[in-house]
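One structure is given here, and the rest of the page talks about it.
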Amino acid sequence: MDAYAKSADGSVEVVAGFGTVNECAVYAFSQDITVDGGAVSVAQCAKIKKIYDLALKTGCPVIGVYDSNGVKLTEGFEVMNAYGELVKASTSMSGVCPQISIIAGSCLGTSALIANMADVVIAVKDADFYVTAPSEVTAEESYEAGTVDVLCDTFEEAVDAAKNIASLLPSNNISPAPLFEFAAPSTFANDGDDAMTVINSIADANSVVELKGGYSENKCKTVLATVMGTTVGFVAFEGEPICPCCSYKAEAIVKLCDAYSIPVVTLVNANGAVNKAGKENQCLTAFTKLTSAYATATTPKISVITGNAVGIAYIALAGKGANADFTFAWDKSVASPLPTESAVQFLFNERLANGESKEELKKEYTEKVASPFTAAACGAVDDIFAPADTRAKVIAALDILAGKRENTLPRKHSVK
């Protein structure tokens, strides 16, 4: 597209076009670092904006490849205004059609801002990705900070990742999720499995794509995968208290999935929320945003308590207040307003003072008060089963929720 469009000096710093990725229509553009350092010009902005306009009209994803040393300064305020048009085009498309950015080389200033507006950001390991120059922030550091969703060693790997993710996502927010041929996983879930092992026991074989894998990697996993050949988002916690990083990470994939009506399966194993000294306000803000993301999402939501669901972790991730359509629990899981030890200290203070064994009281509390069967008795848990049955239960729930329609009160958006 616009193969003959040129800047005033006769150069063409970007290539744009359309085609198919796994038989799905896609628009794409790629900055050309070999022409004027890929300098962003008025002509380049116009070329890219046409891509966005057509993508919105036709309901197709946009894949952008970024590799530019910055703006063409000789074009002054004209190029700044053109940049503003691109920012507006990208934000208008957010949540309507998927956007995927590939950071292939230098992506600085406003280009970094536009690239980061995409639903998924993929970066090559040695790329530069930051807003304000000069900076020594590497793509690897951006991956560890959660700004980059997928980090690849080579550009070819980044392209393959973009094609895979584009295939998993619907073409737009009113298109159905794509369907794939699939094979069942070769393993079953067991008590004590880590989060990624449980995800792999539920998802179709070889379908898992982890997002933000370098960000809070030991506490929370966020994944796109398929279950019975259709796309599902997974959020899984590793058993530690929820931290602000976990909250932001989980919030991001819930919003992504909700925008395109992709079901969300949450595997809850979180011992409450962490309270970092001196960062109480940051924690509160993060937990508020996470709770709001779950409560306002209208896509199908299934929560499975695989370990501990304590306090805010139960309320925000698994409870009916979080608007979960189904809340399941493993038969040896725990649902409690307080960590077991704290609850025993609070409830059985006199019995402890009289010399009763703390371990026996913890066992009594877990079996009688914090048991999933106690939660199920009051309707807080819909079904209880052994870990090995998780995939079958999730498949049945996804099947019955496939036609979910939920209307909300008219508004522009939630404030928090």
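The values are calculated or read from the model by the stated rules, or taken from the named source; none is laboratory data. Owing to the predicted nature of the structure, the values given are computational and were not obtained by experimental measurement. Here the Cβ is made from the backbone with ideal geometry for all residues, glycine too, and neighbour counts use every protein chain on show. Keep in mind that these areas ignore ligands, DNA and RNA; they rest on the heavy atoms of the full protein, side chains included. Shrake-Rupley method; radii C 1.70, N 1.55, O 1.52, S 1.80 Å.
With respect to the conditions (1) among the hydroxyl-bearing types (S, T, Y); (2) within 19 Å of V40 (Cβ to Cβ); (3) at pLDDT 90 or above, Y83 falls short on a single one, namely (3). The single residue among A225, A184 that is in a loop (DSSP other than H, G, I, E, B), within 17 Å of T390 (Cα to Cα) and in contact (Cβ under 8 Å) with a residue 12 or more places away in the chain turns out to be A184.
Within segment 270-299, the set of residues being in contact (Cβ under 8 Å) with a residue 60 or more places away in the chain and open to solvent by 20 Å² or more (accessible area, probe 1.4 Å) comprises N271, T288, K289, S292, T296, T298.
Looking at S303, S247, can you tell me which residue is among the polar types (S, T, N, Q), at pLDDT 95 or above and surrounded by 18 or more Cβ atoms within 10 Å (Cβ to Cβ)?
On the way: S247 fails: at pLDDT 95 or above.
After ruling out the rest, the residue left standing is S303.
When V131, V121 are checked against the criterion of being within 24 Å of K49 (Cβ to Cβ), within 18 Å of the chain's Cα centre (by Cα) and in contact (Cβ under 8 Å) with a residue 12 or more places away in the chain, V121 stands alone in meeting it.
Name the single residue that is surrounded by the most Cβ atoms within 10 Å (Cβ to Cβ) among those in segment 335-369 being hydroxyl-bearing (S, T, Y) and touching a residue at least 12 places away in the same chain (Cβ under 8 Å). Please lay out each step first, then the result.
Residues of segment 335-369 hydroxyl-bearing (S, T, Y): 336, 340, 342, 357, 365-366.
Filter once more, keeping what is touching a residue at least 12 places away in the same chain (Cβ under 8 Å): 336, 340, 365-366.
Working: S336: 23, T340: 19, Y365: 20, T366: 19.
This residue is S336.
Among the residues of segment 5-19, the one identified as open to solvent by less than 40 Å² (accessible area, probe 1.4 Å) and either aromatic (F, W, Y) or in contact with a Gly (Cβ under 6 Å, 6 or more places away or on another chain) (or both) is E13.
Of the residues G239, G229, G192, the single one that is out of contact with any helix residue (DSSP H, G or I) (no Cβ under 6 Å at 6 or more places or on another chain), more than 23 Å from A324 (Cβ to Cβ), at pLDDT below 95 and not charged (D, E, K, R) is G192. Only a single item in (1) part of a loop (DSSP other than H, G, I, E, B); (2) open to solvent by 50 Å² or more (accessible area, probe 1.4 Å); (3) within 20 Å of S101 (Cα to Cα); (4) of a type outside the set (F, W, Y) is not met by E210, and it is number (1).
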